[in-house]
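This report refers to the structure that appears directly beneath it.
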Amino acid sequence: MTMLATRTTPPLNHRNPEIADWVDDIARLTTPDEVVWVDGSTAEWDRLTKEMVAQGTLIRLNPEWRPNSFLARSDPADVARVEDRTFICSVDPDDAGPTNNWRDPSIMRLELSELFSHSMRGRTMYVIPFSMGPIGGALSQFGVQITDSPYVVASMALMTRMGDAALEAITPGTPWVPALHSVGAPLVDDDGVRHDDSAWPNNENKYICHFPESREIWSFGSGYGGNALLGKKCFALRIASVMARDEGWMAEHMLIVRVTSPENRVFHLAAAFPSACGKTNLAMLAPTIPGWKVETIGDDIAWMRPGPDGRLRAINPERGFFGVAPGTGLSTNPVATKTIWGNTIFTNVALRDDGDVWWEGLTDTPPAHATDWAGNDWTPASGTRAAHPNGRFTVAADQCPTIADDWNSPDGVVIDAILFGGRRPSTVPLVSQARTWQQGVFMGATMASETTAAATGEVGVLRHDPFAMLPFTGYNMADYFAHWIAMGERLGENAPAIFSVNWFRTDADGRFIWPGFSENARVIEWIVGRLEGDLAARATPIGGLPLAHELNLDGLSLDVDEIRGIIDLDKTAWRREAAEIADYFGTFDETRFPIELRRELERLTRELGPE
Ligand code: GDP
Ligand code: PGA
Ligand code: MN
Ligand code: MN
C-alpha cells in the first residue's frame, strides 16, 4: 500500500468544529483507512496524479504534446449522468414534482446510511472544502465534499476553488453545503479480505440524492463528473436553485459571454441550452464576421442576482470547464482546442499511438491506429467510435485564451440578454425575440430538445427541457416557472431582453442547414442590433423575427430559400406545437402554475389562428 503524506486532522479545525464533526461522523460511517484534508496545492496534484497513474486510473499523456495531462477510461457503465437514479428528497413530494424523481427523505437517509456504511473500507477518504464563485464573494457559496475517489479530487481542483483557501474562509456560522460522495466499491470485504482496486471503481447501484430542506447532497456509486463532482450539477444547480428560490436569485444552466461590437459597445449574454447542445461552443465563440469580439466568462452555470442598480448581475460559480470532447476541433472550436494544451484531464476519449488524445472532430483525418475510449484497438475501418460521444475534457478556465480579464470578479457582470435554445430539427426558427419578459419565460418554459449522450438513455428523442433545467431544478417545476415570472416583476424595466435560438434545423437529408459554431456570431450581431435599437423585427405570434436582409449572411454560401425556411414562422408546425404545449401545461399542478404562461399560450394560439 502506498502511504500518502497525510493530514488526518483538519489543518484549521479550530476554526470550524462543525466541519470537523461532520467529517468525523462520515469517517465513522464509511470506515476508510485514512482521512486526507485536501489543501489544493500543486504538490498535492502531482502526488495524486502520480498515484492514479501507478494504480491504473490515469494514463499520463505524452508530455511533448500534452504536458501534465491525463486520460481516464471509465467503466463503460459509468459514462454519463444518470437521471433515473437522481432524486430530490423533499419532505413533501409535491415540492419535487412533477418532473423530478422523489424519495421520502427519512427513508432515503436510512437507505443511504446502509449503502455508505463501510463503503470506503480500504480506501482514502478525502475532504475537499470548496467555494462556488470567488472565495468570499457576495454571490458565492461554500461546500465541503467528502469523496473516496482521487479522480474526483483532481477534477474538483480544476473545477472549483478548493483546499486551504476555501477552508479558511468557512468560519463558524458561515453556511456550507455538506456533499458526500463514494464510488461504493470498498477494497476490503466484511471478512477483512482485501481486493485489488480497479481502474474505475463504481457500483451498479447508483444514487444521486439531494435534500433541499437541509441543503445536503449524498452521491453513491458513480465516478462520472455530473454525478460525482458535487459542486457542479448537484450543488450549483439543484441545491442552489432551491436557495435561489428562497433568497430571490437565480441558479441557471447558462453560459455567460461578453460581446464587443465593432463600435466598441459591450454587452453580456447568458444562454441556456440543454447538456451537449452548444453552451461551451458559444461561450468560446471565435467570430467569423469582422470587428466582433467574444470573451468567455462561464460555459455551463450562471448564478444571477439583481444588483444595487436593479440590474441582473451574473457570476460563473465554477473555475473550470468540463466540456464535451467529440466535435471540438480547430475548425469548430479553436478556442477550446487551445485551452486544453496541457494540465487537462480527459475522460473516455481515444489514445493515439504517440501518447496524445484524439476524438471524432478533433482533426479531419483520423489517426491510422489508436486505442479507443474503452481500451480496444481501433482503426478508421473499425466502424465504431474512437471516443465516447460524451467523452470530456476537464481544464481550468484561466487557460482559455478568450477568458475575460475580470471573469473572477465577485460582483459578476450585468446581463443584457438571455438566450434559450435546444436541438430542434424543425419548427423553432434560427432566432426570435420575446416581446415581453412573460413571453420570454414562455419560451424558456416550452423549450424542447433532442436528448444527447450527456445523460444515459436514448439519444435523439425530442423531450421538453424547460430552461435546459429539466434534470437540474431542485424543486417543483411550476414553482420554478413562477419564480421566473416573479424575478421579471422585480427587475421591471431593467429585465434583460429574451431571445430563442436554434442552430440545429435540418434538411430533408438530416443535415444541419445553419453552419453554426463561429457563424453563430451572425445571430449574435442581430441580437446586439436589437439591443441597440438599430434593427427592426417582424412581429409574429412567436416573437420578433429578423428581416432576411438584416441578417448578415456575407460570405456564406447558403441557399437563400433554405435560410428563409429557417428564419420564418412555420405556421402549420407552430399550430401543432401550440396544441402540444397545451397538453404539456396540463401535466402541472394548476394551483402552482403561473397564469401568465397560460395567457401566453392563449395568445399564441389565437394569433396563429385556425388551420
Ligand atoms: P454543451 O454541453 O451545451 O456545453 O455543448 P457543447 O458546446 O460542448 O457542444 C455539444 C456538441 O454540440 C458538440 O459535439 C458540438 O460540436 C456540437 N455543437 C455545438 N455548437 C454547435 C453548432 O452551432 N452547430 C452544430 N451543428 N453543432 C454544434
Ligand atoms: P454540459 O455539462 O451542459 O456542458 O453538457 C454537463 C451536463 O450538463 O451534464
Ligand atoms: Mn451542463
Ligand atoms: Mn459544456
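The values are calculated or read from the model by the stated rules, or taken from the named source; none is laboratory data. What you see is a predicted model, and the numbers here were worked out from it, not measured in a lab. Side chains are part of the model used for accessible areas, which takes the heavy atoms of the whole protein and leaves out ligands, DNA and RNA. Shrake-Rupley method; radii C 1.70, N 1.55, O 1.52, S 1.80 Å.
Specify the inter-centroid distance of segment 38-102 and segment 218-233, based on alpha-carbon positions, in whole Å.
Going from one Cα centre to the other spans 6 Å.
So what's the gap between the Cα centers of segment 354-393 and segment 510-560, to the nearest angstrom?
Spelled out, the Cα-based centre of one part sits 35 Å from the other.
With a 1.4 Å probe and every protein chain left in place, tell me how much accessible area K50 has, in Å² to the nearest 10.
140
If you wrap a convex hull around the Cα atoms of segment 569-608, how much volume per residue is inside, in Å³?
55
Just check segment 316-438 against the gyration tensor rule for me: Cα atoms, a ≥ b ≥ c as the square roots of the eigenvalues, rounded for a/c under 1.5, and otherwise prolate or oblate depending on whether a/b exceeds b/c.
Numbers: a/c = 2.92, a/b = 1.56, b/c = 1.88.
The shape class here is oblate.
Given the Cα atoms of the chain, and with Rh set as the inverse mean 1/r over their pairs in the Kirkwood sense, what is Rg to Rh to two decimals?
Rg/Rh: 0.96.
Using θ = phi - 60° and the Karplus relation 6.51 cos²θ - 1.76 cosθ + 1.60, list the HN-Hα couplings for segment 173-183 in order, rounded to whole Hz, with x at every Gly or Pro.
In residue order, the calculated couplings are x, 6, x, 8, 9, x, 10, 9, 9, 9, 6 Hz.
Given a 1.4 Å probe and every protein chain left where it sits, what share in percent of the accessible area of segment 254-296 is carbon and sulfur?
So the carbon and sulfur contribution to the accessible surface is 50 percent.
In terms of Cα to Cα distance under 19 Å, which aspartates and glutamates are near enough to K571, apart from those fewer than 8 places away along the same chain?
Cross-link targets: D507, D561, E562, E580, D583, E600, E602, E607, E611.
Could you work out [θ]222 nm for the chain from helices alone, using -39500 (n - 2.57) per DSSP H run of at least four and dividing by all its residues? Round to the nearest 500 deg cm²/dmol.
For the chain, the value works out to -7500 deg cm²/dmol.
In whole Hz, with x marking every Gly and Pro, tabulate ³J(HN,Hα) for segment 300-314 from phi via Karplus 6.51 cos²θ - 1.76 cosθ + 1.60, θ = phi - 60°.
Residue by residue, segment 300-314 yields 8, 9, 10, 9, 10, 8, x, x, x, 8, x, 9, 7, 10, 10 Hz.
Would you mind telling me the share, in percent, of accessible area of segment 440-561 contributed by carbon and sulfur at probe 1.4 angstrom?
49
Pop out the Kirkwood hydrodynamic radius of segment 201-323 from its pairwise C-alpha distances, inverse of mean 1/r, in Å to one decimal.
16.0
Under a 5 Å amide H to amide H cut-off, with H placed in plane at 1.01 Å, what residues pair with D570 once short-range neighbours are removed?
Under 5 Å from the amide H of D570 lies no amide H from a residue far enough along the sequence or on another chain.
How fast does segment 155-211 diffuse by Stokes-Einstein, in µm²/s, taking the Kirkwood radius from C-alpha pairs at 25 °C and 0.890 mPa s?
The calculation lands on 164 µm²/s.
Between the helical axis of 150-159 and the dominant principal axis of the chain, each derived from Cα atoms, what acute angle in degrees is found, rounded to the nearest 10?
Result, in degrees: 40.
Please work out the average accessible area per residue across segment 294-355, using the 1.4 Å probe convention, and give it in Å².
Value for segment 294-355: 27 Å² per residue.
So what J values fall out for segment 270-281 if you push phi through Karplus, 6.51 cos²θ - 1.76 cosθ + 1.60 with θ = phi - 60°, rounded to Hz, Gly and Pro as x?
10, 9, 9, 10, x, 3, 6, 10, x, 5, 4, 5
Determine how large the accessible area of H268 is when every protein chain is in place; take a 1.4 Å probe and give Å² rounded to the nearest 10.
The accessible area comes out at roughly 20 Å².
Considering only protein heavy atoms, what per residue accessible area in square angstrom results for segment 526-586 with a 1.4 angstrom probe?
Ligands and nucleic acids excluded, the figure is 49 Å² per residue.
Could you pull out every residue, at least 5 positions away or on a different chain, whose amide H is within less than 5 Å of the one on C209? Hs are placed 1.01 Å off N in the peptide plane, and Pro or chain starts have none.
The answer is F87, W218, S219, F220.
Quick check: at a probe of 1.4 Å, how many percent of the accessible area of segment 347-439 sits on carbon and sulfur atoms?
Carbon with sulfur: 48 percent of the solvent-accessible area.
Please state the relative contact order of the chain as a whole percent: Cα pairs under 8 Å, 6+ residues apart? Write out the running numbers ahead of the final one.
On the way: 1344 pairs, mean separation 85.9, N = 611.
Averaging sequence separation for qualifying contacts and normalising by length gives 14 percent for the chain.
For segment 394-451, with every protein chain kept in place, what is the accessible area per residue (1.4 Å probe, Å²)?
Numbers: 1540 Å² over 58 residues.
Counting only protein heavy atoms, the per-residue value for segment 394-451 is 27 Å².
With a/c under 1.5 counting as rounded, go ahead and sort segment 76-167 into rounded, prolate or oblate using the C-alpha gyration tensor (a ≥ b ≥ c being the square roots of the eigenvalues; past the cut-off, prolate if a/b is larger than b/c, else oblate).
Judged from the Cα gyration tensor, segment 76-167 comes out oblate (a/c at least 1.5, b/c at or above a/b).
What order do H253, H388 take when sorted by accessible area (1.4 Å probe), most exposed first?
Result of the area sort, largest leading: H388, H253.
Ignoring ligands, DNA and RNA, how do T371, T363, T328 rank by accessible area with a 1.4 Å probe, largest first?
Order by accessible area, largest first: T363, T371, T328.
Check which residues have an amide H placed less than 5 Å from V177's amide H, if you skip close sequence neighbours.
Result for V177 returns F142, G143, V144.
When DSSP beta bridges are limited to those with both residues in segment 1-151, what percentage is antiparallel, rounded to the nearest 5?
60
Please report, in whole Å, how far the alpha carbons of segment 13-154 spread along each principal axis, starting with the longest.
55, 42, 38
Inverting the mean 1/r over all pairs of different Cα atoms, compute the Kirkwood radius of segment 262-372 and quote it in Å.
16.2
So how long is each side of segment 359-429 along the principal axes, counting just the alpha-carbon atoms, biggest first, in Å?
Largest first, segment 359-429 extends 50, 38, 21 Å along its Cα principal axes.
List, in the order given, every pair from K50/K206; K50/K232; K279/K338; K206/K232; K206/K233; K232/K279 whose Cα-Cα distance in the structure shown is over 23 Å.
K50/K206; K50/K232
Beyond 17 Å, what percent of the Cα pairs of segment 521-611 remain?
Looking at segment 521-611, the distances longer than 17 Å represent 60 percent of pairs.
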